[in-house]
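The next block holds one structure in the form of structure tokens; read it before the comments.
Each value in this text was obtained by applying a stated rule to the coordinates, not by laboratory testing. If you're wondering where the values come from, they're calculated on a predicted model, not measured in any experiment. All Cβ positions, glycine included, derive from the backbone under ideal geometry; neighbour counts span all protein chains shown.
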Amino acid sequence: MAILLPGGAGYIGSHTAIELLNAGKKIIIIDNFSNSKPEIIEKIKQITGKNLKFYELDYLNKDGLEKVFEENKIDAVINFAGYKAVGESVQEPLKYYHNNVAGAVTLLETMAKYNVKNFVFSSSATVYGNPEIIPITEECKTGGTTNPYGTTKLFIEQILQDLYKSDNSWNICILRYFNPVGAHESGLIGEEPNGVPNNLMPYIVRVAKGELKELSVFGNDYNTQDGTGVRDYIHVVDLAKGHVNAIQKLEKEKSGIYIYNLGTGKGYSVLDMVKAFEKATGRKVPYKIAPRRAGDIPTCYADPKKAKQELNWQATKTLEDMCMDSWNYINQN
Ligand code: UFG
């Protein structure tokens, strides 16, 4: 029995593929390389010393997807095939609703046809909008997303709730990621944003490397310890391991719908991140204070207790690991 990973060559998908292979699971990746490269598949094999099956395929291609289900014994699906650039989603909302929402529906229809009902979904803390309480528990109200990317995550969560209500033999785990950063310690895989990065860590790394002049800190007048935005940064390898625990949970439960925050429970400001990066790498990160970025919230960090209790998972890597591994990756590539 194998686990199918649509989008398994992407940033979080590839790190999860490694952890699943290391845990002795058989995996099949499908990816259309819209935001990744074929060599990632080889690197996953190189890092783990294990083999995997790969199809170059868009998960919206229903006939192609059905062929994958015909040819393999698939037990569970972890869906990583989503677009994730917040700014682009504002410019091109239909592209996001089509790929993320229609893609997820196509995948779920195909799963239902082949009676595969174990599903792990990559959701995001963005579904909490501007959170009511900090730290954020899974019971906090969702909604009030500020961009189409976030709304696709919210819609897919609702689709999964409706699906489970209609047929409670489904076995679904929704993982709400906080802010993934870092890279595999081998330096072979990591995050490669196209063009100028939007997210903080990839931007810091490029400033430290001298490829970008300085970091713009978006606002220093928030109600936080130093006025800059606070987030829950989580090492991508910790996040990847959370998926192995989610699969184990589904193996144990047989049916149900479960939701977990995957975060560290610690909030760091933008300036904390700059300082931590400089300390870990010995490189300077020049910055200037700039206006607030539209759609940003002041503070967002997880209460990760539920994942610890029910998934037996918690993040173990430090902020120093996150900075060092992000830096190593960019220097090796
Ligand atoms: N920031 C800067 N300068 C930059 C980039 C970011 O000051 O050049 C600040 C932001 O204002 C924010 C913090 O750094 O306070 C983190 O910003 P990111 O863009 O790295 O991350 P976000 O929290 O905005 O969004 C991320 C993911 C989303 C996801 C969300 C979940 O990009 O996909 O976390 O909360 F939905």
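If you wrap the stretch 1-133's Cα atoms in a convex hull and average its projection over all directions, what's the area in nm²? Provide the component values of the computation, followed by the final result.
Working: hull surface 36.3 nm².
Computed as one quarter of the Cα hull surface, the answer is 9.1 nm².
Suppose we take every Cα in the stretch 1-60 and form the convex hull; what volume per residue is that in Å³? Could the numbers behind the result be given before it?
Working: hull volume 4.1 nm³, N = 60.
Taking only Cα atoms, the stretch 1-60 has a hull volume of 68 Å³ per residue.
Size of the stretch 246-333 along its principal axes in angstrom, Cα-based, largest extent first?
Over the stretch 246-333, Cα extents along the principal axes are 51, 34, 22 Å.
Taking amide H atoms as placed 1.01 Å from N in the peptide plane, list the residues 5 or more away in sequence, or in a different chain, whose amide H sits under 5 Å from that of I174.
F121, Y258, I259, Y260
Using a/c under 1.5 as the rounded threshold, could you call the stretch 157-311 rounded, prolate or oblate? The axes a ≥ b ≥ c are square roots of the C-alpha gyration tensor eigenvalues, and prolate needs a/b larger than b/c, oblate otherwise. Don't jump to the answer; show the numbers that get you there.
Details: a/c = 2.43, a/b = 1.90, b/c = 1.28.
The shape class here is prolate.
Give me the number: length gained by fully extending S166 to K288, i.e. 0.36 nm times residue separation minus the C-alpha to C-alpha distance, one decimal in nm. Don't skip to the answer; put the middle values down first.
Values: separation 122, 0.36 × 122 = 43.92 nm, distance 5.22 nm.
That works out to 38.7 nm of additional length.
If amide hydrogens are placed 1.01 Å from N in the peptide plane, which non-local residues have theirs closer than 5 Å to the one on L4?
It is I28, D75, A76, V77, I78, by chain and number.
Do the sum for the chain: with -39,500 (n - 2.57) for every DSSP H run of n ≥ 4, divided by all residues, what is the mean residue ellipticity at 222 nm, to the nearest 500 deg cm²/dmol? Don't skip to the answer; put the middle values down first.
Values: 12 runs with 132 residues, N = 333.
After summing the helix terms and dividing by residue count, I get -12000 deg cm²/dmol.
Run the numbers on the chain and let me know its relative contact order in percent, using alpha-carbon pairs under 8 Å that are six or more apart. Working shown, then result.
On the way: 655 pairs, mean separation 63.1, N = 333.
After rounding, I find 19 percent.
Order the peptides 162-169, 275-282 from the highest to the lowest mean number of other Cβ atoms within 10 Å of their residues.
275-282, 162-169
Quick one: compute the contact order of the stretch 96-151, relative version, from alpha carbon pairs under 8 angstrom and 6+ residues apart, as a percent.
Numbers: 32 pairs, mean separation 18.2, N = 56.
Reported relative contact order: 33 percent.
Over the stretch 104-235, what relative contact order in percent results from Cα pairs under 8 Å that are six or more residues apart? Walk me through the intermediate numbers first.
Working: 130 pairs, mean separation 28.9, N = 132.
Computed over the stretch 104-235, the figure is 22 percent.
Which three extents, in angstrom, do the Cα atoms of the stretch 171-232 have along their principal axes, listed largest first?
44, 32, 21
Once the piece of chain linking E39 and D63 is laid out straight, how much longer is it, given 0.36 nm per residue of separation minus the C-alpha distance between them? Could the numbers behind the result be given before it?
Numbers: separation 24, 0.36 × 24 = 8.64 nm, distance 2.55 nm.
Gain on stretching E39 to D63: 6.1 nm.
Considering only DSSP beta bridges where both residues belong to the chain, give the percentage that are antiparallel (nearest 5). Before the final figure, lay out each step's value.
Values: 2 of 42 bridges.
The answer is about 5 percent antiparallel.
Which net charge results when you count Lys and Arg as +1 and Asp and Glu as -1 among the other residues whose beta-carbon is under 15 Å from that of N171? Before the final figure, lay out each step's value.
Working: positive: K117, K165, K249, K252, K254; negative: D75, D167, E251, E253, E310.
Spelling it out: positives minus negatives among the neighbours equals 0.
At 18 Å minimum axial length over the Cα atoms and a Kyte-Doolittle cut of -1.0, report the qualifying DSSP H helices in the chain, or say none. Don't jump to the answer; show the numbers that get you there.
Values: long enough: 148-166 (26 Å, -0.28); 236-253 (26 Å, -0.25); 319-332 (20 Å, -0.67).
Helix filter hits for the chain: 148-166, 236-253, 319-332.
Quick check on packing: order 137-145, 114-122 by the mean number of other C-beta atoms within 10 Å, highest mean leading.
On the way: 137-145: 15.2, 114-122: 20.3.
Ranked by mean Cβ neighbours within 10 Å, highest first: 114-122, 137-145.
For every other residue with a beta carbon closer than 11 angstrom to the beta carbon of K50, add +1 if it is Lys or Arg and -1 if Asp or Glu, then tell me the sum. Walk me through the numbers on the way to the answer.
Details: positive: K25, K26, K45; negative: none.
The answer is +3.
Based on Cα coordinates alone, diagonalise the gyration tensor for the stretch 72-182, multiply each eigenvalue by 5, take square roots, and list the semi-axes in whole Å, largest first.
Values: eigenvalues 115, 59, 33 Å².
Each semi-axis is the square root of five times an eigenvalue, giving 24, 17, 13 Å.
What does the highest-first list of 59-67, 239-247 look like by mean Cβ count within 10 Å?
Details: 59-67: 16.8, 239-247: 24.6.
For the peptides 59-67, 239-247, the packing ranking is 239-247, 59-67.
Which three extents, in angstrom, do the Cα atoms of the stretch 185-276 have along their principal axes, listed largest first?
52, 36, 21
What is the percent of Cα-Cα separations in the chain that go past 24 Å? All intermediate terms of the calculation are to be shown ahead of the outcome.
Numbers: 29521 of 55278 pairs.
Here the long-distance tail beyond 24 Å is 53 percent of all Cα pairs in the chain.
Compute the distance in nm between two label points, each set 7 Å from the Cα along the Cα-to-Cβ direction, one at T316 and one at E211.
Result: 3.1 nm between the two label points.
Can you pick out the pairs among K209/K279; K141/K306; K73/K306; K141/K305; K50/K305; K45/K73 whose Cα atoms lie more than 23 Å from each other? Spell out each step's value before the answer.
Values: K209/K279 15 Å; K141/K306 16 Å; K73/K306 32 Å; K141/K305 17 Å; K50/K305 33 Å; K45/K73 21 Å.
Over 23 Å apart, Cα to Cα: K73/K306; K50/K305.
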